[in-house]
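The values are calculated or read from the model by the stated rules, or taken from the named source; none is laboratory data. None of the values given here were measured: they were computed from a predicted structure. Reconstructed Cβ throughout: ideal geometry from the backbone, glycine too, with neighbour counts over all protein chains shown. Each accessible area value is taken on the protein alone, full model and side chains, heavy atoms only, with ligands, DNA and RNA left out. Shrake-Rupley method; radii C 1.70, N 1.55, O 1.52, S 1.80 Å.
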Amino acid sequence: MSEPTRTVCPYCGVGCGLEVLPPAQPGKAVHRDGQGTPIWQARGDRAHPSSQGMVCVKGATVTESLYKDRLLYPMLRESLDQPFRRVSWDEALNHIANRIQSLRARGSIDAFCMYGSGQFNTEDYYVAQKLVKGCLGTNNFDANSRLCMSSAVSGYLQSFGSDGPPCCYDDLELTDCAFLIGTNTAECHPIIFNRLRKHHKQNKHVKLVVVDPRTTPTAEAADLHLAIKPGTDIDLFNGIAHLLMRWGWLDAPFIDDCTSGFSAYADVIQHYPPDVVVRRCGITVEALEKAARLWGESKRVLSMWSMGLNQSSEGTAKVRTLINLHLMTGNIGKPGAGPFSLTGQPNAMGGREAGGLSHLLPGYRLVKNPQHRAEVEQFWGLPTGQIAAVPGRTAWEMITGLEQGAVEMLWIAATNPVVSMPDLERTKAALRQSPFTVYQEAYYPTETSAFAHLLLPAAQWSEAPGTMTNSERRVTLSPQFRTPPGEARPDWVIFQKWGNG
Ligand code: SF4
């Protein structure tokens, strides 16, 4: 048997390690999919520390999606009602260059936007930042992580000054009490849930609390399920804080040494007595007290959340309120404890590291910080002041910019906004108004390709080398082991060739 290639699953933020084997193995029948196409085989990598050999059905069948409906060549059309015609890479990239030059000549580079993806490798993200924020001088790069992770990013930044989740998967087996909030981990992050559930089952003192309006498979495994009314998370967290203060279950030395503004926080918490909180949340006083007792009595509390907190008009405040509970009880900076944001996409975390949102620069730096801009300009060999001092358009501001005629060129890569954006009819109407949309994608057709003027074929996972960073910030190499179909190129190569052209 030939040696397997070790890589990472490209589907979700758990970041499981995979081993892949070619379709033909000595002495065995060729491995084929349901249509008879020979396909690579995937299995869990026992040596990968994040997943320890475990893999869910998506990871186990990942190779089946590599062969179907691929975009093979650049294709161009002048308007959306015309058919696409195949063009060369040179013609495609020159077309983009002419459009950009015309914007620059008019001093309108801010009419250019790029919308990327948590499916990028970190290297794709990084080269895109250098091209857009460095060379073009606009911060109009945002990613679909904006739709899921930006509340966690802002919550961490505002509470800690840095967007680096202070937890790792080993904490799953070291915690005394896990709060899963707004996350159906059993179905959405199954390998994380498997690790936590095993620890929970094997250790009687370990408790599992689930906060979710829905009764999910995750909630069914909980010792306490708080089915709060949607949107009342802040009331619940502050209600728990109120009881912890009333009972004196605080970590005073930690508060004195490591936090600021505690007395102002305590004033706010006074407004969340149990009778008010249970009425707003739709739970019983007994349930609220049990949650507070579990938090207060446990030596190591780990909280985990995903879209239930993040996808909210007050998502950042929800994340900060949860973090406050950790700070007031010293449940951070020690094994088995801390506020742990679970990322949805495989490389949303790599995007954060590479500065892949419109207010970020690489290395957890901020566009608004003059020293951060100067450091990046110096590293990239750019003149002082080349990086714009104001954050660029967010994903939704790109859509509203199209509506207003302020965005004249939109470059979408590795994401399908006509499916994933909020308010889809409005999104489609805005895309119909776009003067020029480039769509860089591995697959064709997609819902978004119907709104594109220029299609650029991108290489897929397994066809381009790169790295991905999972929820616990573990970086895994994702090597190339197949040849891209047709004329598809890695995303970063497309950016680099266009930038050099
Ligand atoms: S849990 Fe996520 S990363 Fe792991 S195999 Fe499943 S889809 Fe892939």
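Here are the numbers for the structure shown:
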{"read-out": "Highest to lowest packing among 57-65, 484-492, scored as the average C-beta count within 10 Å", "value": "484-492, 57-65"}
{"read-out": "Sum of side-chain charges, Pro4 neighbourhood, beta-carbon under 13 Å (Lys, Arg +1; Asp, Glu -1)", "value": "0"}
{"read-out": "Vicinal HN-Hα couplings computed from phi for segment 232-239 (Karplus, 6.51 cos²θ - 1.76 cosθ + 1.60; Hz; Gly/Pro x)", "value": "9, 4, 5, 4, 4, 4, 6, x"}
{"read-out": "Quarter of Cα convex hull surface for segment 406-501, i.e. mean projection, nm²", "value": "8.0 nm²"}
{"read-out": "Cα gyration tensor, segment 150-341 - rounded (a/c under 1.5), prolate or oblate", "value": "rounded"}
{"read-out": "Per-peptide average of other Cβ atoms within 10 Å, ordering 114-123, 271-280, 216-225 highest first", "value": "114-123, 216-225, 271-280"}
{"read-out": "Charge sum, other residues only, whose C-beta stays under 15 Å from Pro457's C-beta, Lys/Arg counted +1 and Asp/Glu -1", "value": "-1"}
{"read-out": "Alpha-carbon centroids, segment 176-210 and segment 213-235: separation in whole Å", "value": "13 Å"}
{"read-out": "Computed helical MRE - 222 nm, the chain, DSSP H runs ≥ 4 contributing -39500 (n - 2.57), nearest 500", "value": "-10000 deg cm²/dmol"}
{"read-out": "Size descriptor, Kirkwood hydrodynamic radius, that averages inverse alpha-carbon separations across segment 5-66, Å", "value": "12.0 Å"}
{"read-out": "For the chain: accessible area per residue (Å², 1.4 Å)", "value": "40 Å²"}
{"read-out": "Separation of alpha-carbon centers, segment 67-93 and segment 333-412, rounded to whole Å", "value": "29 Å"}
{"read-out": "Relative contact order of the chain, pairs being alpha-carbon contacts under 8 Å that are 6 or more residues apart, as %", "value": "23 percent"}
{"read-out": "Net charge of Cβ neighbours under 13 Å - reference Arg279; Lys, Arg +1; Asp, Glu -1", "value": "0"}
{"read-out": "5 angstrom amide H check on Cys16, placed H, neighbours 5+ away", "value": "Cys9"}
{"read-out": "Solvent-accessible area of Met245 with every protein chain in place, 1.4 Å probe, in Å² to the nearest 10", "value": "40 Å²"}
{"read-out": "³J(HN,Hα), Karplus 6.51/-1.76/1.60, whole Hz, each residue of segment 153-167, x for Gly, Pro", "value": "4, 5, x, 4, 4, 6, 7, 10, x, 8, 9, x, x, x, 9"}
{"read-out": "Sparse-neighbourhood loop sites, trypsin sites (Lys or Arg not before Pro) in segment 1-36 - DSSP loop, at most 14 other Cβ within 10 angstrom", "value": "Lys28"}
{"read-out": "Whichever lysines have a C-alpha closer than 26 Å to that of Lys198, once near sequence neighbours (fewer than 8 apart) are set aside", "value": "Lys58, Lys207, Lys290, Lys299, Lys334"}
{"read-out": "In Å, descending, principal axis extents of the Cα set of the chain", "value": "70, 64, 43"}
{"read-out": "Trypsin sites (Lys or Arg not before Pro) within segment 172-216, DSSP loop, no more than 15 other Cβ atoms inside 10 Å", "value": "Lys204, Arg214"}
{"read-out": "Neighbour cut-off at most 14 other Cβ (10 Å), DSSP loop, GluC sites (Glu not before Pro), segment 359-453", "value": "Glu447"}
